[in-house]
Amino acid sequence: MRIRSLLALTMGASLAMILVSLGSLWYSTDRIWKANKDLSLANDIGDTVLERIMLRDEYYIHREERPKSQWLAKTATLAGQLTRARLDFQGAKDQEILVEMSEVGANINSLFAKLIENTRGMDSDPIARSLAAEYDQTLFSQLNIRASILRDDAARLVELRFGELSFLMSASNWLFGACLAVVVAVVLVNGFLIGRILNAGIGRLKEGTTVIGGGELSYRLATDSGDEISEVALGINRMTESLAGLLTSKANLEESVALRTAELRTSNEELESFAYSVAHDLRAPLRSIDGYSRLLEEELGPALSAEGARILAIIRGGAVKMDDLIGSLLEISRLGRTDLCLSAVDMRSTASDAFALVAGPEVASDFDFRVGNLPDAYVDAPMIERVWANLLSNALKYSVPSPRHSIEVGGRAEDGVSVYYVRDRGVGFDPRYADKLFGMFNRLHGEVEFPGNGVGLAMVKKIVARHGGKVWAEGRLGEGSTFYFSIPRRS
């Protein structure tokens with residue numbers, strides 16, 4: 001294949017994948033916008049359900065007209081929201097939840113109407129008022145049960161919508177990353193092929209010109225590759241044939257040799273110029289990757305929504321993130337192959353040193369850092385230093401938004417193991433997802449708000465498991481978190 005054809009193929013493939021990436025970005029942006037809209041509606045439904053519960057409780061306590069009227073208005077709002085959701089949400093689970101919410105909502109409306117009607121019996125004679133009060137409590141209990149079901153259904157609806165949004169964002173990132181990887185692969189493969197053609201061709205030319213220059217004018221260069229170097233070789237062969245013909249004339253030999261030698265020098269210079277040109281042209285596909293990526297931001301940036309722009313920024317950082325993730329994966333892999341070198345380690349000193357290392361003097365001065373009496377451990381010192389560094393770095397990162405910058409490190413000995421913990425007063429996490437914290441690439445917070453690759457805690461789990469221990473975590477949103485790990489006690 002001709003070298004310039006390979007260059008054209010590289011440019012065409014790169015352009016095609018850029019166009020595919022643009023189409024993918026447009027499609028994923030549209031899907032993510034709809035998913036965001038559906039999640040907003042699900043959140044609105046949950047808010048309306050909670051507001052109705054508060055208005056119901058207020059009416060039950062005070063029996064005033066205002067909470068009753070507001071409850072009825074919220075009921076109409078909820079009915080409209082559920083109708084919209086049935087049209088917009090296409091999932092079978094979504095429809096199942098919405099049908100249940102409609103049925104439970106209708107039952108709640110009936111019970112609330114009875115509660116209003118029963119209020120009038122409160123003004124009757126003592127016996128009727130007593131019966132009305134008992135019936136009132138029964139109605140309120142039933143309302144509580146139905147309201148709990150409705151609230152749980154609303155929470156499930158939000159969870160389903162959030163799951164779909166997360167999936168779409170992840171799929172969009174991977175799709176664009178795959179397109180970019182294909183572009184890079186095409187450029188690298190074609191670059192390798194062009195380099196091999198150039199190296200082989202120039203090698204043949206060098207060998208042939210050396211032989212011909214030594215006086216072997218019967219030597220012919222191969223011209224069957226069909227590329228530009230073959231054309232140069234064909235020219236050299238013709239020149240050699242002319243030189244061989246001139247040998248019959250001794251009188252003109254030196255002049256002919258000088259002439260043909262000059263032609264050979266010119267051909268070599270043209271070959272060097274051609275090789276430089278090809279090498280220069282070879283850089284163009286590489287520039288196109290960066291150029292077209294930048295073009296995405298410059299050309300489509302004003303037309304994209306804020307969410308689309310954010311996704312584009314994530315995609316552009318995909319290559320760097322991929323390198324970081326691969327490095328982390330290799331590091332975790334090495335942890336599994338490295339032999340443990342166990343020794344007695346002062347865990348209190350190790351934790352203090354790790355905090356000083358990850359925090360630095362300026363950040364450390366802003367934190368109330370306390371270390372209790374920690375049991376010593378018989379462990380691999382470099383690995384356990386990494387455990388403390390990852391846990392304390394995590395605590396620092398998630399404590400920054402909190403007004404209380406406090407980190408506590410403690411430990412205790414129990415049942416043949418030493419248990420250690422790192423407690424912070426940061427943003428915390430939803431305890432329902434505690435089992436996902438130590439999984440590879442699992443994150444409960446956005447990467448923009450809290451940077452990271454989701455590998456640190458997985459690395460902690462790997463190291464502790466190699467020592468025969470366990471890891472777990474406790475926390476609540478807005479109240480901080482505590483991360484524990486245990487190490488078997490050894491002599």
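The values are calculated or read from the model by the stated rules, or taken from the named source; none is laboratory data. None of the values given here were measured: they were computed from a predicted structure. Cβ placement follows ideal geometry from the backbone for every residue including glycine, while neighbour counts extend to all protein chains displayed.
Please verify whether ILE53 is of a type outside the set (Phe, Trp, Tyr) and loosely packed, with under 14 Cβ neighbours inside 10 Å, treating the condition exactly as stated. Against the criterion (of a type outside the set (Phe, Trp, Tyr) and loosely packed, with under 14 Cβ neighbours inside 10 Å), ILE53 does not qualify.
Taking residues in the stretch 35-58 that are not assigned by TED's automatic domain parsing to the domain that holds PHE140, and partners anywhere that are buried (at least 21 other Cβ atoms within 10 Å of the Cβ) and not aliphatic (A, V, I, L, M), not one pair has Cβ atoms closer than 8 Å while being at least 6 places apart or on different chains. Filtering the stretch 372-409 to residues that are acidic (Asp, Glu) and part of a strand (DSSP E or B) leaves ASP380, GLU408. Taking the stretch 367-382 as the range and being more than 26 Å from PRO401 (Cβ to Cβ), out of contact with any Pro (no Cβ under 9 Å at 6 or more places or on another chain) and surrounded by fewer than 18 Cβ atoms within 10 Å (Cβ to Cβ) as the test, the residues that pass are ASN373, PRO375, ASP376, ALA381, PRO382. Scan the stretch 59-112 for residues that are free of Cβ contacts under 8 Å to residues at least 40 places away in the same chain, over 39 Å from the mean Cα position of the chain (by Cα) and exposed (fewer than 15 other Cβ atoms within 10 Å of the Cβ) and the total you get is 11. Of the residues making up the stretch 240-250, those that are at pLDDT 70 or above and either surrounded by fewer than 19 Cβ atoms within 10 Å (Cβ to Cβ) or not assigned by TED's automatic domain parsing to the domain that holds ARG260 (or both) are GLU241, SER242, ALA244, GLY245, LEU246. Answer with yes or no whether GLU207 is surrounded by fewer than 17 Cβ atoms within 10 Å (Cβ to Cβ) and either of a type in the set (D, E, K, R) or outside any helix (DSSP H, G or I) (or both). For GLU207, the condition - surrounded by fewer than 17 Cβ atoms within 10 Å (Cβ to Cβ) and either of a type in the set (D, E, K, R) or outside any helix (DSSP H, G or I) (or both) - is met. Does the stretch 194-214 include one or more residues that are of a type in the set (Asp, Glu) and either in the same structural domain as ASN43 (by TED's automatic domain parsing) or farther than 27 Å from ARG4 by Cα (or both)? No; the residues of the stretch 194-214 include none that is of a type in the set (Asp, Glu) and either in the same structural domain as ASN43 (by TED's automatic domain parsing) or farther than 27 Å from ARG4 by Cα (or both).
Once the stretch 170-191 is narrowed to residues that are of a type in the set (A, V, I, L, M, F, W, C) and crowded, with 19+ Cβ neighbours inside 10 Å, the residue that is farthest from SER110 (Cα to Cα) is VAL187.
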